[in-house]
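> Take a look at this one; I'll ask things after.
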Amino acid sequence: MSQGLDGPGPDERQRPDGRRNSQGIRIDPEVEAEPEPRRTVISALVAHEPGVLARVSGLFSRRQFNIESLTVADTQNDDWARITLVVEEPDPTLDQIEKQLNKIVPVIHVRELAEDAVTRELVIVKVDGEEPDKVQAITEMYDGTTLDAGPRTITVQLTGDERKIDDAIDAYRQFGIREIARTGQTALARGETKTAIVPEHLKE
(Lines give C-alpha, C1' and ligand atoms only; values in the text may rest on other atoms or scores of the structure.)
Protein backbone atom coordinates (compact mmCIF):
# COMPACT_ATOMS: atom_id res chain seq x y z
CA MET A 1 0.00 0.00 0.00
CA SER A 2 1.48 3.36 -1.06
CA GLN A 3 2.30 5.96 1.55
CA GLY A 4 0.79 9.40 0.85
CA LEU A 5 1.84 12.77 2.15
CA ASP A 6 0.66 13.88 5.55
CA GLY A 7 -2.35 16.18 5.49
CA PRO A 8 -6.12 16.34 5.89
CA GLY A 9 -8.34 13.93 4.08
CA PRO A 10 -10.43 14.98 1.07
CA ASP A 11 -13.50 15.65 3.21
CA GLU A 12 -11.50 17.77 5.66
CA ARG A 13 -9.85 20.13 3.18
CA GLN A 14 -11.00 23.72 3.02
CA ARG A 15 -12.47 24.65 -0.33
CA PRO A 16 -12.07 28.23 -1.57
CA ASP A 17 -15.23 30.20 -2.12
CA GLY A 18 -16.00 32.43 -5.10
CA ARG A 19 -15.96 32.07 -8.84
CA ARG A 20 -13.24 32.32 -11.46
CA ASN A 21 -12.98 35.15 -13.98
CA SER A 22 -12.26 34.74 -17.70
CA GLN A 23 -8.52 34.34 -16.95
CA GLY A 24 -9.22 31.51 -14.50
CA ILE A 25 -8.32 33.57 -11.45
CA ARG A 26 -10.52 32.92 -8.46
CA ILE A 27 -12.42 35.98 -7.21
CA ASP A 28 -13.03 36.36 -3.50
CA PRO A 29 -16.75 37.12 -3.09
CA GLU A 30 -15.98 39.40 -0.13
CA VAL A 31 -13.83 41.72 -2.23
CA GLU A 32 -15.72 41.35 -5.48
CA ALA A 33 -18.00 44.29 -6.22
CA GLU A 34 -20.21 45.09 -9.16
CA PRO A 35 -18.89 48.10 -11.14
CA GLU A 36 -20.85 51.27 -10.52
CA PRO A 37 -22.97 52.32 -13.53
CA ARG A 38 -21.61 55.33 -15.38
CA ARG A 39 -23.57 57.67 -17.63
CA THR A 40 -21.88 58.70 -20.83
CA VAL A 41 -22.40 59.95 -24.38
CA ILE A 42 -21.38 57.75 -27.33
CA SER A 43 -21.12 59.15 -30.85
CA ALA A 44 -21.25 56.84 -33.87
CA LEU A 45 -20.60 58.04 -37.41
CA VAL A 46 -22.40 55.65 -39.78
CA ALA A 47 -23.08 55.21 -43.46
CA HIS A 48 -26.33 56.88 -44.40
CA GLU A 49 -28.16 53.82 -45.69
CA PRO A 50 -31.44 52.01 -44.97
CA GLY A 51 -31.48 49.78 -41.90
CA VAL A 52 -28.36 51.10 -40.16
CA LEU A 53 -30.30 52.60 -37.25
CA ALA A 54 -32.20 49.34 -36.77
CA ARG A 55 -28.92 47.40 -36.68
CA VAL A 56 -27.38 49.74 -34.11
CA SER A 57 -30.45 49.87 -31.86
CA GLY A 58 -30.92 46.10 -32.26
CA LEU A 59 -27.41 45.55 -30.89
CA PHE A 60 -28.32 47.44 -27.74
CA SER A 61 -31.67 45.68 -27.44
CA ARG A 62 -30.17 42.18 -27.73
CA ARG A 63 -27.66 42.89 -24.98
CA GLN A 64 -30.21 44.71 -22.81
CA PHE A 65 -28.14 47.87 -22.65
CA ASN A 66 -29.91 50.84 -21.09
CA ILE A 67 -30.34 53.63 -23.67
CA GLU A 68 -31.50 56.89 -22.10
CA SER A 69 -31.70 58.79 -25.39
CA LEU A 70 -30.83 58.29 -29.05
CA THR A 71 -30.66 60.86 -31.84
CA VAL A 72 -29.73 60.46 -35.49
CA ALA A 73 -29.39 63.04 -38.27
CA ASP A 74 -27.39 64.07 -41.33
CA THR A 75 -23.81 65.36 -41.16
CA GLN A 76 -21.63 67.58 -43.35
CA ASN A 77 -21.43 64.64 -45.79
CA ASP A 78 -24.65 63.42 -47.43
CA ASP A 79 -23.35 59.84 -47.29
CA TRP A 80 -22.97 59.86 -43.50
CA ALA A 81 -25.23 60.16 -40.46
CA ARG A 82 -24.35 60.72 -36.82
CA ILE A 83 -25.97 58.68 -34.05
CA THR A 84 -25.65 60.06 -30.53
CA LEU A 85 -26.51 57.74 -27.65
CA VAL A 86 -26.71 58.48 -23.93
CA VAL A 87 -26.20 55.27 -21.97
CA GLU A 88 -25.74 54.31 -18.33
CA GLU A 89 -23.81 51.08 -17.86
CA PRO A 90 -20.78 49.78 -15.92
CA ASP A 91 -17.39 50.62 -17.47
CA PRO A 92 -16.65 47.08 -18.78
CA THR A 93 -20.01 47.15 -20.57
CA LEU A 94 -19.20 50.50 -22.19
CA ASP A 95 -16.04 48.99 -23.66
CA GLN A 96 -18.16 46.16 -25.02
CA ILE A 97 -20.61 48.63 -26.55
CA GLU A 98 -17.86 50.36 -28.52
CA LYS A 99 -16.30 47.08 -29.67
CA GLN A 100 -19.65 45.64 -30.78
CA LEU A 101 -20.66 48.82 -32.63
CA ASN A 102 -17.34 48.87 -34.49
CA LYS A 103 -18.14 45.38 -35.83
CA ILE A 104 -21.26 46.61 -37.64
CA VAL A 105 -20.26 47.20 -41.27
CA PRO A 106 -22.07 50.55 -41.86
CA VAL A 107 -20.43 52.06 -38.74
CA ILE A 108 -17.48 54.26 -39.71
CA HIS A 109 -16.25 55.27 -36.26
CA VAL A 110 -17.43 55.04 -32.65
CA ARG A 111 -16.14 56.89 -29.61
CA GLU A 112 -17.13 57.83 -26.10
CA LEU A 113 -17.14 61.60 -25.81
CA ALA A 114 -15.29 63.42 -23.04
CA GLU A 115 -17.19 65.11 -20.24
CA ASP A 116 -16.46 68.54 -21.73
CA ALA A 117 -18.08 67.68 -25.08
CA VAL A 118 -20.51 70.22 -26.51
CA THR A 119 -23.96 68.72 -25.88
CA ARG A 120 -27.35 70.19 -26.66
CA GLU A 121 -30.96 69.11 -26.41
CA LEU A 122 -34.25 70.60 -27.56
CA VAL A 123 -37.48 70.40 -25.57
CA ILE A 124 -41.04 71.52 -26.30
CA VAL A 125 -43.20 72.09 -23.22
CA LYS A 126 -46.96 72.69 -23.15
CA VAL A 127 -48.27 74.28 -19.94
CA ASP A 128 -51.57 75.68 -18.68
CA GLY A 129 -52.08 79.22 -19.93
CA GLU A 130 -53.74 80.81 -16.89
CA GLU A 131 -50.64 82.88 -16.03
CA PRO A 132 -49.15 83.92 -19.38
CA ASP A 133 -46.96 86.72 -17.98
CA LYS A 134 -45.28 84.38 -15.49
CA VAL A 135 -44.82 81.69 -18.15
CA GLN A 136 -43.21 84.28 -20.43
CA ALA A 137 -40.86 85.36 -17.64
CA ILE A 138 -39.63 81.79 -17.18
CA THR A 139 -39.27 81.38 -20.95
CA GLU A 140 -37.12 84.50 -21.20
CA MET A 141 -35.06 83.44 -18.19
CA TYR A 142 -34.05 80.24 -20.03
CA ASP A 143 -33.69 81.90 -23.47
CA GLY A 144 -36.70 80.03 -24.79
CA THR A 145 -39.22 80.80 -27.52
CA THR A 146 -43.02 80.77 -27.34
CA LEU A 147 -44.32 78.62 -30.20
CA ASP A 148 -48.05 78.76 -29.46
CA ALA A 149 -50.19 80.73 -27.03
CA GLY A 150 -53.93 80.40 -26.48
CA PRO A 151 -56.47 81.02 -23.74
CA ARG A 152 -55.87 77.58 -22.17
CA THR A 153 -52.35 76.50 -23.10
CA ILE A 154 -48.91 77.92 -23.90
CA THR A 155 -46.27 75.92 -25.77
CA VAL A 156 -42.60 76.91 -25.52
CA GLN A 157 -39.31 75.68 -26.96
CA LEU A 158 -35.94 75.63 -25.21
CA THR A 159 -32.48 74.42 -26.17
CA GLY A 160 -29.42 73.85 -24.01
CA ASP A 161 -27.48 71.27 -22.09
CA GLU A 162 -29.31 68.65 -20.07
CA ARG A 163 -29.04 70.49 -16.76
CA LYS A 164 -30.54 73.67 -18.22
CA ILE A 165 -33.43 71.71 -19.72
CA ASP A 166 -34.11 69.91 -16.44
CA ASP A 167 -34.05 73.17 -14.48
CA ALA A 168 -36.43 74.84 -16.94
CA ILE A 169 -38.90 71.96 -16.76
CA ASP A 170 -38.86 72.16 -12.97
CA ALA A 171 -39.62 75.89 -13.20
CA TYR A 172 -42.60 75.26 -15.52
CA ARG A 173 -44.17 72.70 -13.17
CA GLN A 174 -45.72 75.47 -11.08
CA PHE A 175 -48.05 76.28 -13.99
CA GLY A 176 -49.10 72.69 -14.66
CA ILE A 177 -47.30 70.82 -17.44
CA ARG A 178 -49.61 69.12 -19.93
CA GLU A 179 -47.06 67.60 -22.32
CA ILE A 180 -43.31 67.41 -22.90
CA ALA A 181 -41.37 66.33 -25.99
CA ARG A 182 -37.57 66.05 -25.70
CA THR A 183 -35.19 65.27 -28.53
CA GLY A 184 -32.45 63.70 -26.44
CA GLN A 185 -28.86 64.88 -26.54
CA THR A 186 -26.76 65.46 -29.62
CA ALA A 187 -23.07 66.22 -29.22
CA LEU A 188 -19.69 67.01 -30.76
CA ALA A 189 -16.21 66.87 -29.24
CA ARG A 190 -14.93 70.24 -28.06
CA GLY A 191 -12.35 72.32 -29.90
CA GLU A 192 -9.97 70.72 -32.41
CA THR A 193 -10.70 67.20 -31.16
CA LYS A 194 -12.32 65.13 -33.90
CA THR A 195 -15.64 63.59 -32.92
CA ALA A 196 -15.09 60.87 -35.53
CA ILE A 197 -11.99 59.64 -37.32
CA VAL A 198 -12.83 58.89 -40.96
CA PRO A 199 -10.58 56.54 -42.97
CA GLU A 200 -8.88 58.23 -45.92
CA HIS A 201 -10.60 56.06 -48.53
CA LEU A 202 -13.99 57.31 -47.33
CA LYS A 203 -13.02 60.98 -47.62
CA GLU A 204 -12.69 60.79 -51.39
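> Using the structure shown, decide if residue 134 is touching a helix residue (DSSP H, G or I) at 6+ places or on another chain (Cβ under 9 Å), open to solvent by 80 Å² or more (accessible area, probe 1.4 Å) and farther than 26 Å from residue 64 by Cβ.
yes
> Hey, another quick one. Of the numbered conditions (1) modelled with pLDDT under 95; (2) of a type in the set (S, T, N, Q); (3) surrounded by 16 or more Cβ atoms within 10 Å (Cβ to Cβ), residue 102 fails exactly one; give the number of that condition.
If we test residue 102 against (1) modelled with pLDDT under 95; (2) of a type in the set (S, T, N, Q); (3) surrounded by 16 or more Cβ atoms within 10 Å (Cβ to Cβ), just (3) comes out false.
> Every residue in region 69-95 that is out of contact with any Lys or Arg (no Cβ under 6 Å at 6 or more places or on another chain), surrounded by 14 or more Cβ atoms within 10 Å (Cβ to Cβ) and either assigned to a helix (DSSP H, G or I) or of a type in the set (D, E, K, R) (or both), please.
82, 89, 93, 94
> Also, I was wondering about something else. Looking only at region 129-173, how many residues end up being in contact (Cβ under 8 Å) with a residue 24 or more places away in the chain, under 32 Å from the mean Cα position of the chain (by Cα) and not in a strand (DSSP E or B)?
Here the count works out to 13.
The values are calculated or read from the model by the stated rules, or taken from the named source; none is laboratory data. Keep in mind that this is a model prediction, so the values were computed, not measured. So basically every Cβ, Gly included, is an ideal-geometry build from the backbone, and we count neighbours across all protein chains shown. To get the accessible areas, we keep the full protein, side chains included, count just its heavy atoms, and leave off ligands, DNA and RNA. Shrake-Rupley method; radii C 1.70, N 1.55, O 1.52, S 1.80 Å.
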